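To keep things clear, I will list the structure first and then write my remarks on it.
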Amino acid sequence: MRLAPILAALATIALFPATAFSAPPPAAPPPPPPPTGDVQVPSDQVLTTTLPDGVVVTFEPGSTARWAAAGKLAGETAKWTRGFHLDLTDGEVDITMPVAPKGEHAFLVTTRAGTLTDWRGRMHVAARGDATAVAVYEGAAVVGSNKQSFPVGDGTAVVLHKGGDADKSRVLPAPPNWDTASSGAPSFAVVPEGAGAMLGVSWAPPTGAASYRVQIGSDAGMSQIVQRAAVGDPHFSLPAPGAGVHFWAQVRAVGAEGLIGAWSTPRALRAVHFRLPSGGFVARDGVVVLPDGASLPLADADGLEVAYENVRPGAPPAAAILYWAKLGGPLRLADDAPLRIAHLRDATLGVETRVALAHRQLRADVDLEPRQARARDPIDVRAVVWDPSGRVDVSNENVTLEAMADLDAVAVAWQHTMVDARSVWTGRIAPRRDKGPSVVRVVVKDSLGQEIGRAFIEMGTASASKK
């Protein structure tokens, strides 16, 4: 009778350690140690360092610096013990502070011309010899130069000279604005498969800009930079990336005294490729010409939307109304319009382009003389091949002409000449011995084997017709 209470007590004791004395959660890993030693960046590379408190420092190519320890600076009586210290000998650095309460981070940059300390936000420092250019994009910094200290706030710039007064009259170049109406290389292009495409960006020059710096990234956050360049004109182009790869571009202005403006907003770059069907080609004006019944398939078209605009003879409408839909297949022509514009956009990337599609309009006008002929009369044939749109090069078109008497083929020695950008074919059908009614016809076909013109004479009625 006393065994049950004893077993219950033992069960309670057995369960107690599993709940009250469980293993503590693993401790968070300690932050990485601060950087130390010399920094020597090659002339063709960029170095980015993220400090333990989240401050990001990006060294431009060719920069030299040294990570120093906290302590007392020359000419100061008070020591500092918190944060990081960079001694910038020569070159440029971009510094970004994470969002935090004022005073959360402490960072010190020293140059030959002065110091920057206890700042927050984003800034750029360029040290060249005894001069230092400081650009504060957002946040604040305390600048010390020539035994004087003063604050610098959002969107301002200052140039320091060793042993001299700071120049506070400088104006920081504004971030450039993208020019989407430029005639340069497009930021979104649709090109044939296998053809090299160029993508580009253009921007409006901001006040005070003397030159520009461009960077190309493989992600919208511009954390993976694949190319950098310095240019003097407000545009930049580069070969389009491979299938499935997107690029983004940023630009910043460079002003006098080495003042560097903030980066612009990123702009997306994208290329989509199409596969021409048999008989299709790209005309000199960039219009894609397609045979009747053909369409234009696109590769790498994920995420695209399309809206069609049909262009018919006559005055165009004041403004076309576009109805956008997800692209679900190849681009197609309209049967009742000689020209169709396919507007394409990637709403996620914020880029848009268009492709003009046109029907292949090759024609042949065929004349037979004399119009009133008998079987014993020779018949002269003249066929003029032309394109109403002017997009087909008729001089290189492989045209075939077929002459028939009733159902029998007739051999003709055809002569070819070019007259006013038209392809002219002439020949003579020899007299025949037929005595009864008969029909002589001539059919013209293009290089695709499609009929583009014909004419015939009915010998019995002494009349000629064309079609």
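Filter the range 126-146 down to residues that are in a loop (DSSP other than H, G, I, E, B) and of a type in the set (D, E, K, R), then give me how many there are.
Qualifying residue count, the range 126-146: 1.
Select from the range 43-58 the residues that are open to solvent by less than 30 Å² (accessible area, probe 1.4 Å) and within 27 Å of the chain's Cα centre (by Cα) and list them in ascending order.
Across the range 43-58, the qualifying residue is only 58.
Being of a type in the set (Val, Ile, Thr) and under 20 Å from residue 52 (Cβ atoms) is true for just one of 134, 99, 143. Which residue is that?
Details: 134 fails: under 20 Å from residue 52 (Cβ atoms); 143 fails: under 20 Å from residue 52 (Cβ atoms).
Exactly one residue qualifies, and that residue is 99.
A quick yes/no check of all residues on (1) outside any loop (DSSP other than H, G, I, E, B); (2) in contact with a Pro (Cβ under 7 Å, 6 or more places away or on another chain); (3) at pLDDT 90 or above; (4) hydrophobic (A, V, I, L, M, F, W, C):
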residue	(1), (2), (3), (4)
75	no, no, no, no
95	yes, no, yes, yes
109	yes, no, yes, yes
115	yes, no, no, no
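Based on this model, can you work out whether residue 435 counts as within 30 Å of residue 277 (Cα to Cα), modelled with pLDDT under 90 and open to solvent by 70 Å² or more (accessible area, probe 1.4 Å)?
Judged against the criteria, residue 435 is not a match.
Criterion first (in a strand (DSSP E or B) and either among the polar types (S, T, N, Q) or under 13 Å from the mean Cα position of the chain (by Cα) (or both)) does residue 149 satisfy it? Break it down into steps so the answer makes sense when it comes.
On the way: in a strand (DSSP E or B): yes; either among the polar types (S, T, N, Q) or under 13 Å from the mean Cα position of the chain (by Cα) (or both): yes.
Yes: the conditions hold for residue 149.
Quick one: in the range 270-325, which of the residues that are among the basic types (Lys, Arg) and under 23 Å from the mean Cα position of the chain (by Cα) is nearest to residue 449 (Cα to Cα)? If you could, list the steps in order and put the result at the bottom.
To start, the set of residues in the range 270-325 that are among the basic types (Lys, Arg) comprises 270, 275, 284, 312.
Next, only the ones that are under 23 Å from the mean Cα position of the chain (by Cα) stay: 270, 275, 284.
Numbers: 270: 37, 275: 21, 284: 24 Å.
So, considering only residues that are among the basic types (Lys, Arg) and under 23 Å from the mean Cα position of the chain (by Cα), the one nearest to residue 449 (Cα to Cα) is 275.
Give the range 285-327 a look and list any residue that's under 25 Å from residue 242 (Cα atoms) and either assigned to a loop (DSSP other than H, G, I, E, B) or open to solvent by 60 Å² or more (accessible area, probe 1.4 Å) (or both), or say none.
286, 287, 297, 300, 301, 302, 303, 304, 326, 327
Could you tell me whether the range 328-335 includes any residue that is of a type outside the set (Lys, Arg), closer than 20 Å to residue 194 by Cβ, part of a loop (DSSP other than H, G, I, E, B) and at pLDDT 90 or above?
Among the residues of the range 328-335, at least one is of a type outside the set (Lys, Arg), closer than 20 Å to residue 194 by Cβ, part of a loop (DSSP other than H, G, I, E, B) and at pLDDT 90 or above, which makes the answer yes.
Out of (1) within 24 Å of residue 91 (Cα to Cα); (2) open to solvent by less than 30 Å² (accessible area, probe 1.4 Å), what's the single condition that is false for residue 233?
(2)
Just to be sure I understand, how many residues within the range 349-372 are in a loop (DSSP other than H, G, I, E, B), open to solvent by 30 Å² or more (accessible area, probe 1.4 Å) and out of contact with any Pro (no Cβ under 7 Å at 6 or more places or on another chain)?
5
Do you know which residues across the range 218-244 are in contact with a Ser or Thr (Cβ under 7 Å, 6 or more places away or on another chain) and more than 21 Å from residue 174 (Cβ to Cβ)?
224, 226
Which of the residues belonging to the range 398-422 are modelled with pLDDT under 90 and more than 17 Å from residue 454 (Cα to Cα)?
If the condition is that a residue be modelled with pLDDT under 90 and more than 17 Å from residue 454 (Cα to Cα), then 420, 421 are the ones that fit.
Could you list, ordered by first residue, the pairs with Cβ atoms under 6 Å in which the first is in the range 338-361 and more than 18 Å from residue 187 (Cβ to Cβ) and the second is among the charged types (D, E, K, R) and modelled with pLDDT of 90 or more, at least 6 apart or interchain?
Final answer for the pair search is 341/309; 341/354; 357/340; 361/387.
Could you please let me know if residue 255 is within 19 Å of residue 60 (Cβ to Cβ) and buried (at least 21 other Cβ atoms within 10 Å of the Cβ)?
So residue 255 fits the description; yes.
Which count do you get for residues in the range 190-219 that are in a strand (DSSP E or B), modelled with pLDDT under 90 and of a type in the set (Gly, Ala, Ser)?
Here the count works out to 0.
Which residues, taken from the range 116-136, are in contact (Cβ under 8 Å) with a residue 40 or more places away in the chain, crowded, with 22+ Cβ neighbours inside 10 Å and closer than 17 Å to residue 153 by Cβ?
Those that are in contact (Cβ under 8 Å) with a residue 40 or more places away in the chain, crowded, with 22+ Cβ neighbours inside 10 Å and closer than 17 Å to residue 153 by Cβ: 124, 133, 135.
Can you tell me how many residues in the range 383-413 are part of a loop (DSSP other than H, G, I, E, B), under 14 Å from residue 445 (Cα atoms) and of a type outside the set (A, V, I, L, M)? Reasoning before the result, please.
From the range 383-413, those part of a loop (DSSP other than H, G, I, E, B) are 387-393, 397-399, 406-407, 411-413; that's our starting set.
So of that shortlist, the ones also under 14 Å from residue 445 (Cα atoms) come out as 387, 397-399.
Within this subset, residues satisfying the condition of being of a type outside the set (A, V, I, L, M) are 387, 397-398.
Qualifying residue count, the range 383-413: 3.
Across the range 243-264, what is the total count of residues that are part of a loop (DSSP other than H, G, I, E, B) and farther than 21 Å from residue 138 by Cβ?
4
Determine which member of the set 421, 375 is open to solvent by less than 30 Å² (accessible area, probe 1.4 Å) and either of a type in the set (Val, Ile, Thr) or over 27 Å from residue 295 (Cα atoms) (or both).
Result: 375 is the single residue among 421, 375 that is open to solvent by less than 30 Å² (accessible area, probe 1.4 Å) and either of a type in the set (Val, Ile, Thr) or over 27 Å from residue 295 (Cα atoms) (or both).
Any residue at all in the range 157-172 that is surrounded by 14 or more Cβ atoms within 10 Å (Cβ to Cβ), touching a residue at least 24 places away in the same chain (Cβ under 8 Å), under 24 Å from residue 274 (Cβ atoms) and not aliphatic (A, V, I, L, M)?
Within the range 157-172, not a single residue is surrounded by 14 or more Cβ atoms within 10 Å (Cβ to Cβ), touching a residue at least 24 places away in the same chain (Cβ under 8 Å), under 24 Å from residue 274 (Cβ atoms) and not aliphatic (A, V, I, L, M).
The values are calculated or read from the model by the stated rules, or taken from the named source; none is laboratory data. All of these numbers come straight from a predicted model, not from anything done at the bench. Please note: Cβ atoms are built from the backbone with ideal geometry, for glycine as well, and neighbour counts cover all protein chains shown. SASA here: full protein model, heavy atoms, side chains in, ligands and nucleic acids out. Shrake-Rupley method; radii C 1.70, N 1.55, O 1.52, S 1.80 Å.
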